[in-house]
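Worksheet: one structure, shown below.
The values are calculated or read from the model by the stated rules, or taken from the named source; none is laboratory data. Keep in mind that what you see is a predicted model, and the values were worked out from it rather than measured. Neighbour counts run over all protein chains shown; Cβ positions are idealised from the backbone, glycine included.
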C-alpha cells in the first residue's frame, strides 16, 4: 500500500484528554496497514500515548484564550501535519482542532470525522458575545466542508448548530451519548450500606474548573455542615487544569477544606474504587457535551444530582435516577443533596435506575461501533478512490 493509505491523523486539544476519553474510539480505527498519528498539546503524558503504539506530535494549542499570531501558528502546524502525513482520514475533537483541521482538510481534500464534545466556555459564558460570534463564523466556514462527518454528544448542541446556520441538511451528522462506558468494568459491587455507621459519601468528580459548579458544590456543603458534619463527607476528585481559563487555584481548594467533612483529593486514576465507596454523585456544571463522569456514575448504579444544563440533563431522568437543579442555584442544589442524604431507600432506587439507564444509553460498545461504521465508510471510499 502507498504511504497515504497507512496514515490516520488524530487532532485533539491535549494528550490527557485523548488518554481519558478517546482511546476506545481510536482503537476501533486500527488496521494492520494503518499507522495512527496523534497530534495534541503535550502536557507531560505524550510518552503514555507512544507506549500504546501511536506516533505523537506536539501542537501548541492554547486553551486559555485567543492570540492571533499564536492561532495562525497552530493553523500552520496543522497544515504541515497534513502535508507531511497525507492522511486518508482524520479524526478531530474539540473546537480549535475541528475548525482549523477542517479548513486544512478541505484544502488537501481529506475526509474528516469530528466530535463536538460540548460548545465550551465561549457558549457557557454570557459575557463572551463577540468571541462567540467569531467562533460561529469560523464554524460556518469550517463545516462548509461537506466531505466530513460530525458527531454531537447531545441533541441541544445539534439544535444550536442548526439554529445558528452552522450546518444544514447537506452536512452528515448524528448524535451519540458521549464516549460511553465499559459496562463490564464499571459495575457496582455493593447494593447498599444498610444501617452503616460510615459517613455518607457525596462526591464531585471533575476537573477543578469554576464552570463545573465547584463553587456551588462547596457552598452547598458549607450550608449543610451544621446538620451533617458527623454524617456526611463531601469530596472533590479532579485535577487542576492550568491550561483552562476556568481553572480553580489550588489556594482556593486548600482554603475550603474541612478535614473529614469537605476535602479535595486531586486526580484519581482508579475512579471505580471511588465510586464503590460513593453514595451520591454531584455535578453542578454550567454546560457539557455529555459528561463521562455521569455516565460512569450511572453504570456504577449511583444516584445523581446535576444541573438542567445542556449535556448534563441527558444523564438524569428527573425523580427516576436523580435530580436536576437550575445552573448556579446553591439553594436547590443543597435541598436535593439533603433529600438523598435523608433517604437511603431513594438513593438505592435511584441507583438501580441509573444502571438501567446506562445499559440502555451509555454502552461503550454500541457508541464505538457508530464511530467505526463511519470511519470504515470514509476509509474504504478513499482507498477505492486512490
### Query
Does region 259-269 contain at least one residue that is buried (at least 23 other Cβ atoms within 10 Å of the Cβ), more than 22 Å from the chain's Cα centre (by Cα), free of Cβ contacts under 8 Å to residues at least 40 places away in the same chain and not in a helix (DSSP H, G or I)?
no
#### Entry: Given (1) in a helix (DSSP H, G or I); (2) touching a strand residue (DSSP E or B) at 6+ places or on another chain (Cβ under 9 Å), index of the condition residue 360 fails
(2)
### Query
Limited to region 242-258, what total is found for residues that are free of Cβ contacts under 8 Å to residues at least 40 places away in the same chain and either under 19 Å from residue 198 (Cβ atoms) or in contact with a helix residue (DSSP H, G or I) (Cβ under 6 Å, 6 or more places away or on another chain) (or both)?
2
### Message
Please verify whether residue 338 is assigned to a helix (DSSP H, G or I), surrounded by fewer than 16 Cβ atoms within 10 Å (Cβ to Cβ) and out of contact with any strand residue (DSSP E or B) (no Cβ under 7 Å at 6 or more places or on another chain), treating the condition exactly as stated.
### Response
no
## Note on the structure
For region 298-324, the count of residues that are over 16 Å from the mean Cα position of the chain (by Cα), buried (at least 24 other Cβ atoms within 10 Å of the Cβ) and within 21 Å of residue 157 (Cβ to Cβ) equals 2
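Conditions tested, residue by residue: (1) under 19 Å from residue 103 (Cα atoms); (2) out of contact with any helix residue (DSSP H, G or I) (no Cβ under 7 Å at 6 or more places or on another chain); (3) modelled with pLDDT under 95; (4) not assigned by TED's automatic domain parsing to the domain that holds residue 68.
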residue: 134; (1), (2), (3), (4): yes, yes, yes, no
residue: 137; (1), (2), (3), (4): yes, yes, yes, no
residue: 142; (1), (2), (3), (4): yes, no, yes, no
residue: 147; (1), (2), (3), (4): yes, yes, yes, no
residue: 163; (1), (2), (3), (4): no, yes, yes, no
residue: 171; (1), (2), (3), (4): yes, yes, yes, no
### Query
Picking from 242, 235, 227, 197, which residue would you name as being surrounded by fewer than 19 Cβ atoms within 10 Å (Cβ to Cβ) and at pLDDT 95 or above?
227
### Summary
Scanning region 34-57 for residues that are more than 21 Å from the chain's Cα centre (by Cα) and surrounded by fewer than 14 Cβ atoms within 10 Å (Cβ to Cβ) gives 47, 50, 51, 53
